[in-house]
Amino acid sequence: MKPHEQFSRVSERLEEYREEMVSLQRELVSRVAVGPDQGGPGEGEKALFLKDLLTGWGLTVDDYPAPDPRVAGGERPNLVAFLPGARPEKVWVLSHLDVVPPGDLKLWDSDPYTLQVAGDRLIGRGTEDDHHGIVASLMAVKALLDLGVTPSRTVGLALVSDEETGSGKGLDFLLKTQPHLFSSRDLIIVPDAGSPDSTLIEVAEKSILWLRLTLLGQQCHASRPQMGRNTLRAAAHVIVALEELHREFDLKNPLFDPPESTFEPTQKEANVENINTIPGRDVFYLDCRVLPDYSLEQVMARVAELARETARQFGVELNMEVVQELRSPPATDPDSPVVKALVAAIRRVYGREARPQGIGGGTVAAFFRQQHLPVAVWMTVSHTAHQPNEFCLLSNLVGDARVLAHVFLAEE
Ligand SMILES: [Zn+2]
């Protein structure tokens, strides 16, 4: 059978799995997999269910659990299963088992852990983030198995823990302890983010830098400002002075939207409780998303200089602390085989031109990129992850399973 005939048959078969996709979502939603960092029981129950399911399909499933005494059993699961292909080179789909807590239950129209079906919508905690990735990849594999079709490359399914709270017990652990699993010749797809029209393939991210700026002056009565040193006025001038960052770090990269580095003052801690007191202490935060071209040391040095110089003009002392610092790993080449395979598959299934793009930072794919492994983050989303009444669309599950199947069958 020619590859395009194979794809047509697999594609038709996936259409028949609609009910199965709904019931798989129902099973996954009912197994609470909130990590212990967020007060949950961990991913054990969900992993056991999926391991049984895949084993029942005839696949061998390995677990590379990360020790974690906070959960029952003392381990966080990381499952890996293979569907052998015509060639030993792999195409990986990595999804995550954990979900975030439901948040305020009053904002939900139904129980977050009981799947609701409303037309095309499958509603429940985790349906989009990241059951969408799990269901689409598993169903694509099942279609090949049921039809007895051998994929071109060996398909690797990775189902990892701890994506929502840093990946220390998930992908980061797997890459550190089982580096032999992944190769730079593999295609790696992470279905965990994307756009509603299926065209966003994420290949790069900006570095993240969060800074806390504390201004220390002298509190006094507002009627006699000469007795004090007003930190709120100084903070306002410091924020304006920091606009200079946009002029100094002005490189643009069209992969990103927006294409330039961003420097946003965000949170402002409360200062005095009454109107007639001049504040002597103010704290605000700066959220910087920096293009990979710049080092974060360069940025930190300039923020400190600009802010201190300005604060000094008001007789105010300034302290700067780093709250978070995440250096962007090297971008995935926009012309790499994984991107090309996805672009071709999305064109065939959705009839749209997808394009590789960068985002503001902080995806699990960064762990692959740090190891120089070519990874593309892609799926079709409804942008409801982490929200109350989270949902995914069944039609997108079918479509994305087809895209993944197309990649599995592609000659290259
Ligand atoms: Zn996710």
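If the Cβ limit is 7 Å and pairs must be 6+ apart or interchain, which residue in region 339-352 that is in contact (Cβ under 8 Å) with a residue 24 or more places away in the chain pairs with which residue that is crowded, with 22+ Cβ neighbours inside 10 Å and charged (D, E, K, R)?
Val349/Arg402
To keep it simple, each residue is scored yes or no on (1) closer than 15 Å to Val290 by Cβ; (2) touching a Leu at 6+ places or on another chain (Cβ under 9 Å).
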{"site": "Ala236", "(1), (2)": "no, no"}
{"site": "Val240", "(1), (2)": "no, no"}
{"site": "His246", "(1), (2)": "yes, no"}
{"site": "Leu251", "(1), (2)": "yes, yes"}
{"site": "Phe256", "(1), (2)": "yes, yes"}
{"site": "Pro259", "(1), (2)": "yes, yes"}
{"site": "Glu269", "(1), (2)": "no, no"}
{"site": "Val272", "(1), (2)": "no, yes"}
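Answer yes if at least one residue in region 78-97 is assigned to a strand (DSSP E or B), under 21 Å from Leu175 (Cβ atoms) and among the aromatic types (Phe, Trp, Tyr), and no otherwise. Don't jump to the end; show me each part of the working.
The initial filter retains those residues of region 78-97 that are assigned to a strand (DSSP E or B), namely 79-83, 87-96.
Those left that are additionally under 21 Å from Leu175 (Cβ atoms): 79-82, 88-96.
Of the ones still in play, those that are also among the aromatic types (Phe, Trp, Tyr) are 82, 92.
Scanning region 78-97, I find at least one residue that is assigned to a strand (DSSP E or B), under 21 Å from Leu175 (Cβ atoms) and among the aromatic types (Phe, Trp, Tyr), so the answer is yes.
For region 180-194, enumerate the residues that are in a strand (DSSP E or B) and open to solvent by 10 Å² or more (accessible area, probe 1.4 Å). Steps first, please.
From region 180-194, those in a strand (DSSP E or B) are 187-190; that's our starting set.
Within region 180-194, none qualify.
Return the pair list, or none, for Cβ contacts closer than 6 Å from residues in region 162-173 that are under 9 Å from Asp98 (Cα atoms) and of a type outside the set (Lys, Arg) to residues that are within 11 Å of the ligand (Cβ to nearest atom) and not in a loop (DSSP other than H, G, I, E, B), at least 6 apart or on different chains.
These pairs meet every condition: Glu163/His96.
So, in region 123-143, exactly how many residues are crowded, with 24+ Cβ neighbours inside 10 Å and within 11 Å of the ligand (Cβ to nearest atom)?
7
Please go through region 388-405 and pick out each residue that is touching a Ser or Thr at 6+ places or on another chain (Cβ under 8 Å), open to solvent by 10 Å² or more (accessible area, probe 1.4 Å) and part of a helix (DSSP H, G or I).
Result: Asn396, Arg402.
Pairs please, first residue from region 353-374 and over 13 Å from Ser207 (Cβ atoms) and of a type in the set (Lys, Arg), second anywhere and part of a loop (DSSP other than H, G, I, E, B) and away from the ligand (no atom under 16 Å from the Cβ), Cβ atoms under 9 Å, 6+ apart in sequence or on different chains.
That search, which allows pairs on different chains as well, returns Arg355/Thr199; Arg355/Pro334.
Conditions first: (1) loosely packed, with under 14 Cβ neighbours inside 10 Å; (2) of a type in the set (Asp, Glu); (3) at pLDDT below 95. Glu89 passes all but one, so which condition is the exception?
(1)
Open to solvent by less than 20 Å² (accessible area, probe 1.4 Å) and aliphatic (A, V, I, L, M) - does that describe any residue in region 221-233? Don't jump to the end; show me each part of the working.
If we filter region 221-233 for residues that are open to solvent by less than 20 Å² (accessible area, probe 1.4 Å), which is where we start, we get 228, 231.
Add one more test, that the residue is aliphatic (A, V, I, L, M), and what stays is none.
Within region 221-233 (the criterion being open to solvent by less than 20 Å² (accessible area, probe 1.4 Å) and aliphatic (A, V, I, L, M)), the answer is no, since none of the residues qualifies.
Between a first residue in region 72-88 that is under 9 Å from Val160 (Cα atoms) and a second residue that is basic (Lys, Arg), which pairs have beta carbons less than 7 Å apart while being 6 or more apart in sequence or on different chains?
That search, which allows pairs on different chains as well, returns Arg76/Lys169; Leu79/Lys51.
Which of the following residues is open to solvent by less than 30 Å² (accessible area, probe 1.4 Å), at pLDDT 95 or above and over 18 Å from the mean Cα position of the chain (by Cα): Val339, Val303, Val349, Val322? Steps first, answer last, please.
Working: Val339 fails: over 18 Å from the mean Cα position of the chain (by Cα); Val349 fails: open to solvent by less than 30 Å² (accessible area, probe 1.4 Å); Val322 fails: open to solvent by less than 30 Å² (accessible area, probe 1.4 Å).
Matching residue, one of Val339, Val303, Val349, Val322: Val303.
Please determine, by comparing only the residues of region 197-217 that are over 22 Å from Ala304 (Cβ atoms) and more than 16 Å from the ligand (Cβ to nearest atom), which one is surrounded by the fewest Cβ atoms within 10 Å (Cβ to Cβ).
Among those residues, the one meeting the criterion is Asp197.
With Ala366, Ala385, Ala331 as the choices, which residue is away from the ligand (no atom under 16 Å from the Cβ) and either outside any helix (DSSP H, G or I) or open to solvent by less than 60 Å² (accessible area, probe 1.4 Å) (or both)? Talk me through it step by step, then tell me what you get.
Working: Ala366 fails: away from the ligand (no atom under 16 Å from the Cβ); Ala385 fails: away from the ligand (no atom under 16 Å from the Cβ).
Testing whether each residue is away from the ligand (no atom under 16 Å from the Cβ) and either outside any helix (DSSP H, G or I) or open to solvent by less than 60 Å² (accessible area, probe 1.4 Å) (or both) leaves just Ala331.
Give me a count of the residues in region 163-179 that are outside any helix (DSSP H, G or I) and either open to solvent by less than 10 Å² (accessible area, probe 1.4 Å) or within 16 Å of the ligand (Cβ to nearest atom) (or both).
Start the filter on region 163-179 by keeping residues that are outside any helix (DSSP H, G or I), which leaves 163-170, 178.
After this cut, where a residue has to be either open to solvent by less than 10 Å² (accessible area, probe 1.4 Å) or within 16 Å of the ligand (Cβ to nearest atom) (or both) as well, the list is 163-170.
Matching residues across region 163-179 total 8.
Residues that are open to solvent by less than 20 Å² (accessible area, probe 1.4 Å) and closer than 21 Å to Asp129 by Cβ, at least 3 per element: which helices (runs of 4 or more DSSP H) completely within region 1-75 meet that? Full working, then the answer.
Values: elements: 3-15, 18-30, 44-56.
Once the helices (runs of 4 or more DSSP H) in region 1-75 are filtered for at least 3 residues that are open to solvent by less than 20 Å² (accessible area, probe 1.4 Å) and closer than 21 Å to Asp129 by Cβ, what remains is 18-30, 44-56.
Considering only region 204-211, I want to know if a residue exists there that is in contact with a Cys (Cβ under 6 Å, 6 or more places away or on another chain) and assigned to a helix (DSSP H, G or I).
Within region 204-211, not a single residue is in contact with a Cys (Cβ under 6 Å, 6 or more places away or on another chain) and assigned to a helix (DSSP H, G or I).
From (1) farther than 24 Å from Arg233 by Cα; (2) among the basic types (Lys, Arg); (3) open to solvent by 20 Å² or more (accessible area, probe 1.4 Å), pick out the condition that doesn't hold for Arg312.
Arg312 satisfies every listed condition except (1).
Return the pair list, or none, for Cβ contacts closer than 7 Å from residues in region 246-272 that are assigned to a helix (DSSP H, G or I) to residues that are open to solvent by 40 Å² or more (accessible area, probe 1.4 Å) and not β-branched (Val, Ile, Thr), at least 6 apart or on different chains.
Partner pairs satisfying both residue conditions: Glu248/Arg302.
Mind checking whether some residue in region 144-156 is modelled with pLDDT of 95 or more, surrounded by 23 or more Cβ atoms within 10 Å (Cβ to Cβ) and within 16 Å of the ligand (Cβ to nearest atom)?
The answer is no; no qualifying residue exists.
The values are calculated or read from the model by the stated rules, or taken from the named source; none is laboratory data. Quantities reported herein were computed from a predicted structural model and do not represent experimental measurements. Using ideal geometry, Cβ is built from the backbone for each residue, glycine included, and neighbour counts are taken over all protein chains shown. Remember, those area values only see protein heavy atoms, side chains included, never the ligands or the DNA or RNA. Shrake-Rupley method; radii C 1.70, N 1.55, O 1.52, S 1.80 Å.
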